[in-house]
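Everything below concerns the one structure shown next.
The values are calculated or read from the model by the stated rules, or taken from the named source; none is laboratory data. No experiment lies behind these values; they were computed from the predicted model shown. Cβ: placed from backbone, ideal geometry, glycine included. Neighbour counts: every protein chain shown. For accessibility, only protein heavy atoms count, side chains too; no ligands or nucleic acids. Shrake-Rupley method; radii C 1.70, N 1.55, O 1.52, S 1.80 Å.
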Amino acid sequence: MNNFEFFNPVRILFGNDKIEKIGMQLNPTDRILMTYGGGSIKKNGTYERIKAALSNFSVFEFGGIEANPKYETLMKAVEVVKKNNVDFILAIGGGSVIDGTKFIAAASLYEGSDPWDLLIKNIVVTKAIPFGVVLTLPATGSEMNSGAVISRLETREKYSFGSPVLFPKFSVLDPTLTFSLPPHQVANGIADAFIHVMEQYMTFPSDSPIQDRFSESILQTLIEVGPQTLKNPSDYSLRANFMWSCTMALNGLLSTGVTTDWATHMIGHEFTAFFGIDHGATLAAVYPALLTELQEPKHEKIIQYGSRVWGLSGADLTARNVINKTEDFFRSLGIKTRLCEYGLKQEDVAPIVERFRTRGWKLGERKNINHEVVEAILKRALEPYRS
């Protein structure tokens, strides 16, 4: 196990009556900006409950934060923050709204000329407006971590950034807020959380049995409750376990003491930036191909995962069967797992390979994934699903 430091200060308010306790987490004089996406929170009653909880505060609003939050949109929110001297931001939504809010919180206090530099120049974020979260779409774990991913329309780029000052002060996790989610969003959330775990687990043995068992338990839970919660969207217990699995998948705990991968995310981000494919869907389309291409260096962990998570043994415990099990799980959720199923061809992915070449990135836990390996992975991902 590697040396590590672990810090996570986020207060979790879990349950179906926690929205009403938001006011207790705030300073009485706070001027609050509510950030959210589309109109779903106004259709399912969430908006009214939050407004009631904030009835004693000065509240401003900024809606319209899109999936894969755009820099251009978020900068408009920064103007609202500055104009109204906002003290606290409350993000209401899923990972996109929360990630966008993290950028708003940092950009509002950034003293440079262009806040985009926070992402492309790796500038250390040392101050940000405090913020909290009401989670409505489990997937990214952004409600309990300090990272974010932001896109820019102008350049068709998608970058991540983070800082210890970007942990939420609190996050409300109410499973009932997920009951009305469209099935495809729930499915993408399951896949996103699953691959978050795999990015931290599927590397090489590192004498970290606690971390392995943590990861395996979350994977097993997602396999167990994922398909069930799609079939029974109003089952509180299923949605509660789905929601908590997504949060635990990326709150920093699983990566302590181990080497992580994240190549699938870096590749998947480009398909969102270029083609607008949902984040979770990009991961499901890239990951089986990546495992296939890298099954030799990842072989020990693939076999461990196949045995402990999927229960394979004997002649059935092969890397190919383990990868097939993983891909079939995504497909059981109704998610496409091949890029060709999105109408993409080799010429479509060429600019992505070229982008990795020009950046000179070496990805993966062994830093052995260069643009040529990315090209090989994408060639596999373009192949039709086996009959």
statement: Per the rule of 0.36 nm per residue minus the C-alpha distance, extending Glu66 to Lys231 adds in nm 56.7 nm
query: Roughly what angle does helix 236-249 make with the longest principal axis of the chain, taking Cα atoms, 0 to 90 degrees, to the nearest 10?
result: 80 degrees
message: Could you work out [θ]222 nm for the chain from helices alone, using -39500 (n - 2.57) per DSSP H run of at least four and dividing by all its residues? Round to the nearest 500 deg cm²/dmol.
response: -14000 deg cm²/dmol
field: Part-to-part distance (alpha-carbon centres) for segment 110-134 and segment 56-79, which is given in Å
entry: 15 Å
message: Straight-line reach only, C-alpha to C-alpha below 27 angstrom: list the lysines that Lys42 could link to, leaving out same-chain residues fewer than 8 apart.
response: Lys18, Lys21, Lys51, Lys70, Lys76, Lys82, Lys83, Lys102, Lys169, Lys231
query: Between the helical axis of 183-201 and the dominant principal axis of the chain, each derived from Cα atoms, what acute angle in degrees is found, rounded to the nearest 10?
result: 70 degrees
field: GNM result for the chain, Cα springs below 10 Å: residue of Thr35, Thr221, Thr155 fluctuating most strongly
entry: Thr155
query: In sequence order, what are the phi-derived ³J(HN,Hα) couplings for segment 24-41 according to the Karplus relation 6.51 cos²θ - 1.76 cosθ + 1.60 with θ = phi - 60°, rounded to whole Hz, with x for glycine and proline?
result: 5, 8, 10, 7, x, 9, 4, 9, 10, 10, 8, 10, 7, x, x, x, 4, 5
- line: Computed over the chain, protein heavy atoms only, probe 1.4 angstrom, the accessible area per residue in square angstrom equals 41 Å²
- prompt: Just the Cα atoms of segment 314-363, one point each, no solvent: what log10 I(q)/I(0) does Debye give at q = 0.13, 0.19 Å⁻¹?
  reply: -0.55, -0.84
- prompt: Could you give the distance between the Cα centres of segment 301-339 and segment 164-205, to the whole Å?
  reply: 20 Å
- prompt: Which residue fluctuates the most in the chain, going by a Gaussian network model with Cα springs under 10 Å, if the choices are Val124, Val322, Val78?
  reply: Val124
task: Determine the dipole magnitude for the chain: charges of +1 sit on the beta-carbon of Lys and Arg, -1 on that of Asp and Glu, nothing else is charged, the reference point is the Cα centre, and the result goes in debye to the nearest 20.
output: 360 debye
statement: So for R0 = 22 Å, FRET eff. of Glu5-Arg366 from the Cβ-Cβ r, to 0.05, ends up at 0.40
message: I'd like the distance separating the alpha-carbon centroids of segment 6-39 and segment 93-107, in whole Å.
response: 14 Å
- prompt: Which whole number of Å³ per residue matches the convex hull of the alpha-carbon atoms in segment 23-169?
  reply: 102 Å³
message: Taking a ≥ b ≥ c as the square roots of the Cα gyration tensor eigenvalues, with a/c under 1.5 meaning rounded and otherwise prolate when a/b beats b/c, else oblate, which class fits segment 130-186?
response: oblate
message: Would segment 81-149 count as rounded, prolate or oblate if I go by the C-alpha gyration tensor, calling it rounded below 1.5 in a/c and otherwise prolate when a/b exceeds b/c, oblate otherwise?
response: oblate
- request: Among the GluC sites (Glu not before Pro) in segment 66-144, which ones are in a DSSP loop with at most 12 other Cβ atoms within 10 Å of the Cβ? Mind listing them?
  value: Glu111
Hydrodynamic radius (Kirkwood) for segment 260-379, which is based on Cα pairs only, to one decimal in Å: 14.9 Å
- prompt: Once both axes come from the Cα atoms, what is the angle between helix 319-332 and the longest principal axis of the chain, in degrees from 0 to 90, rounded to 10?
  reply: 40 degrees
- prompt: With all protein chains present, how much of the accessible area of segment 43-138 (probe radius 1.4 Å) comes from carbon and sulfur, to the nearest whole percent?
  reply: 49 percent
- prompt: Could you give the Stokes-Einstein D for the chain in µm² per second, using the C-alpha Kirkwood radius, 10 °C, 1.306 mPa s?
  reply: 74 µm²/s
statement: Taking a ≥ b ≥ c as the square roots of the Cα gyration tensor eigenvalues, with a/c under 1.5 meaning rounded and otherwise prolate when a/b beats b/c or oblate if not, segment 163-222 comes out oblate
- prompt: Which of Met266, Gly334, Ile303 sits closest to the plus end of the dipole of segment 228-387, meaning its Cα is farthest towards the positive end, when Lys and Arg get +1 and Asp and Glu get -1 on the C-beta?
  reply: Ile303
- prompt: Under the definition of Cα pairs under 8 Å and six or more residues apart, what whole-number percent is the relative contact order of the chain?
  reply: 15 percent
